[in-house]
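The values are calculated or read from the model by the stated rules, or taken from the named source; none is laboratory data. What you see is a predicted model; the values in this text were computed from it and never measured. Cβ sites come from the backbone with ideal geometry, for glycine too, and all protein chains shown count toward neighbours. Surface areas here come from the heavy atoms of the whole protein model, side chains and all, with no ligands, DNA or RNA. Shrake-Rupley method; radii C 1.70, N 1.55, O 1.52, S 1.80 Å.
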Amino acid sequence: MSLKTLTVVGARPEFVQTAPLAREISARPGITGDLIHTGQHYDYEMSELFFSQLELPEPKFHLGVGSGSHGVQTGAMLAELDTVYLGEQPDVVITHGDTNSTVAAALSAAKLGIPVAHVEAGLRSWNRGMPEELNRVVTDHLADLLYCPGEAAAENLRNEGITEGVAIVGDLMRDSLRWTMQGVDVPKTLADHGVSSGEFFFATIHRAENTDDRDVLRSILEGLAGVAQIYPVILPAHPRTRPLIHDIGVPPRVEIIEPVGHAEAMALVGDAAAVLTDSGGLQKEVYWLQTPCVTVREQTEWVETVAAGWNRLVTTDPEAIEAATREAVASRPAHPELYGDGHTAERIVDHLLMSLGRRGKPTSE
Ligand code: UD1
């Protein structure tokens, strides 16, 4: 009998992460898999576009949970997931990253005694004010198998007493990037946006701490206005941010566009003079594409990108944003390989088969 996996996804970064894993699971003997989409992200540009571009299989279950306060959203997922898990009886539930979908997937499975595999385990920002930090800490402590992108993440887990079931496997986003770049038409994408290679900035801002407070968001937009004096800025706006930006006012030479798919985003990131972001996953993709990054956050989980000199953390002060961007554009440090080689999906499937075999908890049973 094959190892039966169920993978829970709900938000944009999870679609990118799970695509190579879904491909690997369907290609390998001895393991099968289905997707559950919680419905956390539901707009066409936030969900369906990713499923079609990344050639993700249609989810077997669509929970249609939608938006709400964190408690309402997570609670609705838990209620639905219990029913699906009980009906499907998976051998393992796979959950990615740090969203509300991630923690709901793990909590429901753990309470039903189903082994949980957490991919992208062990990351820490040390900021408990971030919902993502709470989600990932709880998920790591519920998980039976913990797949870390690098040694720093495994060390964080050791410091919290988690040593069983931990494997350093690299990062699935690297696999996804390798796959996506094969189909990317960079000249066409640049022409579509009316920009020249190396002479524009790509920006994304959506995190709650940067958008919930109007003054904070205004300050970031002022920073972008300064940056736009160097080169124009393309800013695909998350649905959370779009109305807020329009309300405050769009700075000159900053172009607000709809959220873009993975291929288009990666084409733009690869040819930008620098990327300004508060996203987690994007910081790695920017690194792999050898573009300098300015991260508008007080902490990052991706500390290795900062240590390598390719990523700068800045406050929301407009002058700090502009100064860091000028520095970033001017610097080209060495580029060590970080977070794996793009073959993480294979390692995860190997490890799942090795540690779970047919059925049951990975430890002594
Ligand atoms: C979530 C993750 C975040 C991740 C981000 C990627 C959590 C706590 N956060 O944040 O870590 O970086 O996804 O995009 O899970 N909305 C729409 N259409 C959509 C989705 C959301 O309009 O398709 C609106 C919602 O109405 C809500 C806001 O965007 O007002 C926030 O959505 P939500 O899924 O709660 O969190 P994200 O900000 O997307």
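Summary table
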{"item": "Of all residues making up region 94-115, the number that are outside any helix (DSSP H, G or I) and not polar (S, T, N, Q)", "result": "8"}
{"item": "Total residues in region 40-87, condition open to solvent by 50 Å² or more (accessible area, probe 1.4 Å), part of a helix (DSSP H, G or I), under 21 Å from Val260 (Cβ atoms) and within 13 Å of the ligand (Cβ to nearest atom)", "result": "2"}
{"item": "Region 259-287: number of residues that are more than 13 Å from the chain's Cα centre (by Cα) and of a type in the set (D, E, K, R)", "result": "2"}
{"item": "Pro90 being touching a residue at least 24 places away in the same chain (Cβ under 8 Å) and more than 11 Å from the ligand (Cβ to nearest atom)", "result": "yes"}
{"item": "Count of residues meeting criterion [part of a helix (DSSP H, G or I) and either open to solvent by 40 Å² or more (accessible area, probe 1.4 Å) or of a type in the set (A, V, I, L, M, F, W, C) (or both)] in region 151-209", "result": "24"}
{"item": "Of the criteria (1) in contact (Cβ under 8 Å) with a residue 60 or more places away in the chain; (2) within 16 Å of the ligand (Cβ to nearest atom); (3) assigned to a helix (DSSP H, G or I), which one Leu217 fails", "result": "(1)"}
{"item": "Selected residue (criterion: surrounded by the most Cβ atoms within 10 Å (Cβ to Cβ)) from residues of region 215-227 that are more than 16 Å from Cys293 (Cα to Cα) and touching a helix residue (DSSP H, G or I) at 6+ places or on another chain (Cβ under 7 Å)", "result": "Leu221"}
{"item": "Criterion (over 16 Å from the mean Cα position of the chain (by Cα) and among the acidic types (Asp, Glu)) met by exactly one of Glu55, Glu14", "result": "Glu55"}
{"item": "Residues that are in contact with a helix residue (DSSP H, G or I) (Cβ under 6 Å, 6 or more places away or on another chain), surrounded by fewer than 16 Cβ atoms within 10 Å (Cβ to Cβ) and among the hydrophobic types (A, V, I, L, M, F, W, C), drawn from region 109-134", "result": "Leu112"}
{"item": "Test: residue in region 117-140 that is over 19 Å from the mean Cα position of the chain (by Cα) and in a helix (DSSP H, G or I)", "result": "no"}
{"item": "The lone exception for Thr99 - which of (1) more than 9 Å from the ligand (Cβ to nearest atom); (2) touching an Asp or Glu at 6+ places or on another chain (Cβ under 9 Å) it fails", "result": "(1)"}
{"item": "Selection count where residues are in a loop (DSSP other than H, G, I, E, B), among the small types (Gly, Ala, Ser) and open to solvent by 20 Å² or more (accessible area, probe 1.4 Å), scope region 244-263", "result": "1"}
{"item": "Residues of region 2-39 classified as more than 16 Å from the ligand (Cβ to nearest atom) and either open to solvent by 30 Å² or more (accessible area, probe 1.4 Å) or in a strand (DSSP E or B) (or both), total", "result": "18"}
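Rundown of residues vs (1) surrounded by fewer than 17 Cβ atoms within 10 Å (Cβ to Cβ); (2) assigned by TED's automatic domain parsing to the domain that holds Tyr231; (3) not in a loop (DSSP other than H, G, I, E, B), yes/no style:
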position: Val269; (1), (2), (3): no, yes, yes
position: Glu298; (1), (2), (3): yes, yes, no
position: Gly309; (1), (2), (3): yes, yes, no
position: Arg326; (1), (2), (3): yes, yes, yes
position: Ile348; (1), (2), (3): no, no, yes
position: His351; (1), (2), (3): no, no, yes
